[in-house]
Amino acid sequence: MLAAAHESGAAVALLSGGTDLVPALRSGERVADAVVALRRVLELRVRGAGADSLTIGAGVTYADLVGWSLSPGLARAARVVGSVQIRNTGTVGGALGSVRPAGDLLTYLTAADAEVLTASPRGTRWRPLGQFLAEGVEADGLVTAVRLARPGGPQVHVKIGGRQAAYPAIVSCAVVVDRVRHRVACAIGGVGRLPARMGGAESFAVDEVDWTTGTIPVQAARRFGDLVVEAVAGISPVLPVGPGESADYRCHAAGVLASRALARCLHPQATRATQPATTTELATDAQPGTARPSDPTAGPGAAGRGGGS
Ligand SMILES: Cc1cc2nc3c(=O)[nH]c(=O)nc-3n(C[C@H](O)[C@H](O)[C@H](O)COP(=O)(O)OP(=O)(O)OC[C@H]3O[C@@H](n4cnc5c(N)ncnc54)[C@H](O)[C@@H]3O)c2cc1C
């Protein structure tokens, strides 16, 4: 149907959950001569696990992923998307079709080195997420699945933004630790057109982790956040700014979210040289729902900004 509509020269829109497409059609932001609805294509709603990888169909909803124990990071990212209505209808394929700069799923998939499967009349092909985002999907094609490695360690997804049910995140962060392959991956969403990997901070963390215990020194966890701030400051601020959404705010929030996510994965340990006061400070940072005073997710306004997620 998609190929036929495309061949006829019609402007075609793929419809999955419709949480992004329907408002865009209603507002006139998108115009379509034909809509191809995918909800009843059951093959797209399958998810599965192989020996080394997890595959998730494009039609799988956030609600389907919320309780998926095989991928705690993915479940965590899905749990903090919008409201229950959005999670019940929004899909993986739609998230990849919309490419929101701070999209929760997109940020997590960036950290998880996901691959994307697309299909068109010319066949199917897997591409790394970065390549898929650069090239896009063919006009007569669609996303059919994503694939990621099975988790090899702790994974955390955190974000900050307006009221979660109504607004997407301003800044999102995913940290994925692989204790088997000794890897740390960190992606920040909401600081550029696409979520970005924090390569410098990742390399620094890999050298600092005690891989036997899966812990990191307190100072190193803090330095990790500083390195993320430095990296984010170097990204061209192409996103629109508004109250509480300035480049400086996004930068600061990225650093706090990154050090918090790393702390939740790697339980910072005080070294002998560390003063007791510093230990207390970071121990607070590692607790969900609490934060240092400079943390933008702290304070009376934090609940309203969705900071706890
Ligand atoms: C009130 C509200 C709150 C939200 N909160 C959040 C949030 O907290 N976090 C977050 O990340 N997002 C949030 N969103 C965004 C939204 O829910 C996601 O982007 C969602 O994943 C889109 O999926 P969908 O199935 O609804 O896509 P649709 O709306 O059906 O489609 C979205 C786009 O993708 C294309 N598309 C759909 N399926 C495919 C496919 N298989 N292959 C290729 N292209 C395809 C469509 O043509 C369209 O361009 C929110 C949205 C709303 C309305």
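The values are calculated or read from the model by the stated rules, or taken from the named source; none is laboratory data. A quick note: this is a predicted structure, and the numbers were derived from the prediction, not measured. A quick note on method: Cβ atoms are made from the backbone with ideal geometry, for glycine too, and the neighbour counts reach across all protein chains shown.
For the reader, a short list of remarks on this structure follows.
- The set of residues in the range 134-151 that are within 15 Å of ALA119 (Cα to Cα) and either aliphatic (A, V, I, L, M) or within 17 Å of the chain's Cα centre (by Cα) (or both) comprises VAL137, ALA139, LEU142, VAL143, ALA145, VAL146, ARG147.
- Residue in the range 79-99 that is within 16 Å of ALA149 (Cβ to Cβ) and not assigned by TED's automatic domain parsing to the domain that holds LYS159 present: no
- Count of residues meeting criterion [modelled with pLDDT under 95 and under 15 Å from ALA263 (Cβ atoms)] in the range 168-188: 0
- Hey, VAL191 modelled with pLDDT of 95 or more and not assigned by TED's automatic domain parsing to the domain that holds ALA112 or not: no
- Tally of residues being away from the ligand (no atom under 13 Å from the Cβ) and either surrounded by fewer than 19 Cβ atoms within 10 Å (Cβ to Cβ) or within 20 Å of VAL228 (Cβ to Cβ) (or both) across the range 150-172: 6
- Listed by position, the strands (runs of 3 or more DSSP E) contained in the range 1-117 that have at least 2 residues being closer than 19 Å to ARG127 by Cα and more than 8 Å from the ligand (Cβ to nearest atom) are 47-49, 53-57.
- Whenever a residue of the range 2-25 is over 22 Å from GLY90 (Cα atoms) and in the same structural domain as THR144 (by TED's automatic domain parsing), it has no partner that is more than 6 Å from the ligand (Cβ to nearest atom) and hydroxyl-bearing (Ser, Thr, Tyr) lying with C-beta atoms less than 9 angstrom away and at least six residues away or across chains.
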